[in-house]
Amino acid sequence: MILTKKKQLVMALVIAGLHLGSITAQTKPVASAVILDKKVTSLLKKMTLEEKVGQLNQYNGFWDVTGPSPQEGQAAKKYENLKKGLVGSMLNVKGVKEVRTLQKIAVEQTRLGIPLLFGFDVIHGYKTISPIPLAESASWDLQAIQQSAAMAAEEAGAVGINWTFAPMVDVSRDARWGRVMEGAGEDPYLGSLIAKARVIGFQGDFSSNKNILACAKHFAGYAFAEAGRDYNTVDIGESTLQNIVFPPFKAAVDAGVRTFMNSFNELDGIPATGNAYLQRKILKGDWGFQGFMVSDWGSIMEMQAHGYAKDLKHAAELAINAGSDMDMESSAYVEHLVQLVREGKVKESTIDEAVKRILRTKFVLGLFDNPYKYCDEEYEKATVGKPEFHQQVLEMAKKSIVLLKNNDEILPLKKSGQKIALIGALAADKTSPLGSWRIAADDNTAVSVLEGLQAYKDNQLTYAKGADVALGEPKFVFETKINTTDKSGFEEAITAAKNADVVVMVLGEHGLQSGEGRSRTDIGLPGVQQELLEAIYAVNPKIVLVLNNGRPLALPWADEHIPAIVEAWQLGTQSGNAIAQVLYGDYNPSGKLPMTFPRNVAQVPIYYNHKNTGRPSSNEPESVFWSHYIDEKNAPLYPFGYGLSYSKFDYSDLKLSSPSFTTNGKIEVSVTVTNSGKVAGKEVVQMYIRDLFASVTRPVLELKGFEMIELQPNESKKVVFTIDEKTIEFYTANAKWEAEAGDFKVFVGGSSAQTLQADFQFAQ
């Protein structure tokens, strides 16, 4: 009997015992967890041990699907395993044609027809690129961040991708670590809210191919790598782990994230991939996580290099027993798990549990209803790069910009009658603004600052490069070479500056100077840019410094000398338009820093929610014996939560509804904010608390609430926050989350350093 392709597919699903009826274009909501578990259990009973292990195996793309089938080598082995149903997921396969080809093999040529997951690093957009996540976090606009993730999911889903390895929710305190660009900064409260927003944005309700699986990473402690050196050892205490590292991950679980990724680092001497405390005790036990854990690239194999696993077989044993469900590209599981079960070193029930988690996720995503849910070529053509996406990333980019300094109101620029010199290689760069981790985006597709400023026609604009930042063509997988010697363009730039009314200098990092594997020991302006800045300042000090960077930079000279500084990060596809609109005042900047900027790299790690020492200050100006540096201030260059506006916001009339509260009670905290400036603007009103004494020492400040308000000139608004037991709870010496009785302070203001304050108590 000859079967049509559709009949073959339906038969495969029936054989699997799923009885799902006709294939539909969209996912039908799962009626209940009971029904879902029945479907998963029914399918599991029909699987051989080898097929079960296959679901735990993720391969990187290995085959040009437009060419002939591979006949030899590793590619041929992967291809045969795919046809045998020994692959659960593919990585770095994109485009409907390619995805459909591989999905067709999985659902029409294997015994059980189980569909594949297709994963990809959609970090801040697929083809249409939003600002890097750290920049988005500077918006403090949770709705905008959620919409940005939803847009990325829609574009990625249109090309066949159904799983992104985002959001990265690591709390990051060390600007030397390149992956700070990928997260939400240094604060667990802000990070938790952003984690929730991004998970919801990516996943939606899985009702269509506009929703894809999210992945909370890296579990856990990855950002605390010693010396800020990527992949390095992590050694932190339980209090830091619970109070600082864990909260954004727990928020992701509470938001319904379907997958987790473990981290490359060790924790307490055990690599995270083989760490049962993290994966089984905390994630799957205490938090009740129902999704599955995927290893990071090759991290199971890397446990050998850590000195934790004897060989790859031993690594497979350690990882699966510790709770790592899917193996990303080390082939440890597919090569060794079957034998390990037969030897009694791994229980088949352990395999079953991991498989159930993966199958359940595939059901939730709707792939058993329609394996080709993400495979519509016409939709792909109509969706990728559509104008609505470009408008959306432009709005996100404008919200992400932080005004750091604006002496003498040099900004906004006048719209006519000025001679403007635009200086810096980054000003004309159309690739660097895309940032790191934008692997599907095409080079030279960002709007440059030069192009953005050229849209304003009534000033005389002169561009001079000054000096290159990067040499050659920077690539994602190779070190970016920095220009440290060539100053041949200085004279042209100096001449342009001499003849200008105002100079706009775009300086900072190339987009591929931050990201994975890109740690720095010097976080000043790379290469000869500092020399260029000082040379221009010598002939024309009226400078607007526009920073392009993926991490906080140490810029004490610029802060002391340059009248206007704009933190413009790496803002993605619409970067130049966003920057130009802010510089010209068509958008009033409203961003606030999600990470502290140090004065000197030696201060790093530096963060606002630090703890006091026993000697936090000295009453004697000349005394040595207190916690300080002898050659630099303790204070940062720019604190967490800081950001100016073209408006001016005044805070007054801080009031508490009561000086104390008890169990099940609350206090309302109110403050009046007034726009005393000349233009309308937005302000992020921030509330912090301090627990003055506790069973374990507490930070000097903790963000516990914020609200963005918009005020017209001379308009005032009363902002109200609520403090209750949830607000003040932490992981105590009793090894649990709870509120302790005691004395507290509350702080409200426009940053972590500029606040009004009041006292309150909690009594149990």
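Only the coordinates and a few stated rules stand behind these numbers; no lab work does. Here the structure is a predicted model, which means the values were calculated and not measured. In this analysis, Cβ positions are derived from the backbone assuming ideal geometry, glycine residues included, and neighbour counts consider all displayed protein chains.
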Beyond 18 Å (Cα-Cα) in this structure, taken from 127/210; 386/682; 250/704, we find 386/682
Among (i) 30.2, 96; (ii) 27.1, 95; (iii) 27.5, 88, which one is Rg and Dmax of the Cα atoms in Å computed from these coordinates? (ii)
Could you work out how far apart the two model spin labels at residue 111 and residue 350 are, taking each label as a point 7 Å from the Cα in the direction of the beta carbon, and quote it in nm? 2.4 nm
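About its Cα centre, what dipole magnitude does the chain give when the only charges are +1 on Lys and Arg Cβ and -1 on Asp and Glu Cβ, stated in debye to the nearest 20?
Charge dipole of the chain: 2320 debye, to the nearest 20.
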Using helices alone, what [θ] at 222 nm do you get for the chain, with -39,500 (n - 2.57) per DSSP H run of 4 or more residues, divided over all residues and rounded to the nearest 500? -8000 deg cm²/dmol
Quick one: net charge of residue 498's neighbours, Cβ under 12 Å, K/R +1, D/E -1? -1
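Taking 0.36 nm per residue of separation and subtracting the Cα-Cα distance, what length does fully extending residue 495 through residue 42 add?
Details: separation 453, 0.36 × 453 = 163.08 nm, distance 7.63 nm.
Taking residue 495 through residue 42 to full extension adds about 155.5 nm, to one decimal.
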Over 24 Å (Cα to Cα) among 97/196; 46/83; 457/481; 97/356 -> 97/196; 457/481; 97/356
Can you tell me the 0 to 90 degree angle between the C-alpha axis of helix 387-400 and the longest principal axis of the chain, rounded to 10? 50 degrees
Rounding to the nearest 10 and keeping the result within 0 to 90°, find how far the Cα-based axis of helix 33-45 lies from the longest principal axis of the chain. 50 degrees
What is the spin-label model distance, in nm, from residue 240 to residue 668 if the labels are put 7 Å beyond Cα along the C-beta direction? 4.1 nm
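First measure r as the distance between the Cβ atoms of residue 658 and residue 736, then evaluate 1/(1 + (r/R0)^6) with R0 = 30 Å and state the FRET efficiency to the nearest 0.05.
Details: r = 27 Å, r/R0 = 0.90.
Using R0 = 30 Å, I get an efficiency of 0.65.
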Burial ranking of peptide ranges 617-628, 336-347, 395-406, 352-363 (average Cβ count within 10 Å, highest at the top): 395-406, 352-363, 336-347, 617-628
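Indicate, rounded to the nearest 5 percent, the antiparallel portion of the DSSP beta bridges found entirely in the chain.
Bridges in the chain that DSSP calls antiparallel: roughly 55 percent.
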Under the definition of Cα pairs under 8 Å and six or more residues apart, what whole-number percent is the relative contact order of segment 583-737? 24 percent
At 7 Å along Cα-to-Cβ for each site, give me the label-to-label distance between residue 629 and residue 586 in nm. 4.1 nm
Anchor residue 498: aspartates and glutamates whose Cα lies under 12 Å away (excluding residues fewer than 8 positions away in-chain): none
